[in-house]
Amino acid sequence: MENAQHNAPERLEMIRSRIERAHRRFGPPPEMVELVAVSKTFDAAAIRPFLDAGQRVFGENRVQEAKEKWPALRASYDGIQLHLIGPLQTNKAREAVALFDVIETVDREKLAGVLAEEMRRADKRLPVFVQVNIGLEEQKAGVAPREAVAFVERCRVEHGLDVVGLMCIPPEADPPGPYFAHLASLARDAGVKNLSMGMSGDFETAIAMGATHVRVGSALFGTRV
Ligand SMILES: *Cc1c(COP(=O)(O)O)cnc(C)c1O
């Protein structure tokens, strides 16, 4: 694929209009679908054109990488909202709370406790998503679907976390629709209103199933090497 930064505005516009069209045709009203531009592996020079084109919500999957890129970008652009979309180790929780605005990958009791403590320490209360291992895959992070509702409750009641939604990455080999529908039904049961689901290859399907946040990387930035 050619260098995405040369046509960042066009790519953004294309993805935004596909999101809008899918939302208009299939999505539940009334809220807008948030585009989380997944900039992992791309450097600041590749990200700037997207900021210049008005994009403000970005996703990164590694604390260390975010630390190298985003403080400088935040210094030159207002209103950036950075989502952590990758697994978080408890020993990186403090840095994650300092660097990110939303943590999408809360997936175990210990992490919930440590994050809550670090947020108190930093006097910040970041919105979080609980990650659900929706296909029960060995290699994937996330709480098991049947534990999701109780886990959300514990995050809220015992840890005082501001759980705003559920997040998932469905198995690559299967059609994603049923997994997205399952996540939506768990979110209703858990009483959370946001659903972070859908990537470059399937965000329209995710929107049809009620996604409020789609995480799009390669369709914006080009192929990752
Ligand atoms: C990399 C990544 C994405 C973006 O994937 P694309 O297929 O490039 O759009 C979305 N979500 C998570 C959790 C990721 O790690």
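The values are calculated or read from the model by the stated rules, or taken from the named source; none is laboratory data. Just so we're clear, the structure is a prediction, and the values are computed from it rather than from any experiment. Here the Cβ positions follow ideal geometry from the backbone for every residue, glycine too, while neighbour counts run over all protein chains shown. Note: accessible area is taken over every heavy atom of the protein model, side chains too, but ligands, DNA and RNA are not part of it. Shrake-Rupley method; radii C 1.70, N 1.55, O 1.52, S 1.80 Å.
The relative contact order of the chain comes to 23 percent, based on Cα pairs under 8 Å that sit 6 or more residues apart. Rounded to 0.05, the FRET efficiency of the Ser218 and Arg146 pair, given R0 = 41 Å and the Cβ-Cβ distance, is 0.80.
Heavy-atom accessible surface of the chain, averaged per residue, reaches 48 Å², computed with a 1.4 Å probe.
The alpha-carbon atoms of the range 108-163, seen along their principal axes, cover 35, 20, 17 angstrom, with the largest extent given first. Here, the range 148-189 yields an orientationally averaged convex hull projection of 3.1 nm² when only Cα atoms define the hull. Label the range 107-225 by shape, choosing from rounded, prolate and oblate, from the square roots a ≥ b ≥ c of the eigenvalues of the Cα gyration tensor; if a/c is under 1.5 it is rounded, and otherwise prolate applies when a/b is larger than b/c, oblate when it is not. The shape class here is prolate.
Computed from the Cα positions only, the extents of the range 75-132 along the three principal axes stand at 36, 25, 17 Å, in decreasing order. Between Glu20 and Glu117, the simple label model (points 7 Å from Cα in the Cβ direction) yields a spacing of 4.7 nm.
Rolling a 1.4 Å probe over the protein heavy atoms of the chain, with every protein chain left in place, gives an accessible area that is 50 percent carbon and sulfur. Coupling constants for the range 80-88 follow from the phi torsions by the Karplus curve (6.51 cos²θ - 1.76 cosθ + 1.60, θ = phi - 60°), and in residue order they are 5, 10, 9, 9, 8, 10, x, x, 10 Hz; glycine and proline get x. DSSP finds beta bridges in the range 66-225, and of those with both partners inside it, around 0 percent are antiparallel. Bridgeable lysines around Lys69 (alpha carbons under 19 Å apart, same-chain partners fewer than 8 residues away excluded): Lys40, Lys92. Overall, the anisotropy analysis places the chain in the oblate class: the square-rooted eigenvalues a ≥ b ≥ c of its C-alpha gyration tensor yield a/c not less than 1.5, with a/b not exceeding b/c. Seen through its C-alpha gyration tensor, with square-root eigenvalues sorted a ≥ b ≥ c, the range 1-122 comes out oblate because a/c lies at 1.5 or above while a/b is not bigger than b/c. Note on Ala181 and Lys110: the model spin-label points, each 7 Å out from Cα along the C-beta direction, lie 3.7 nm apart.
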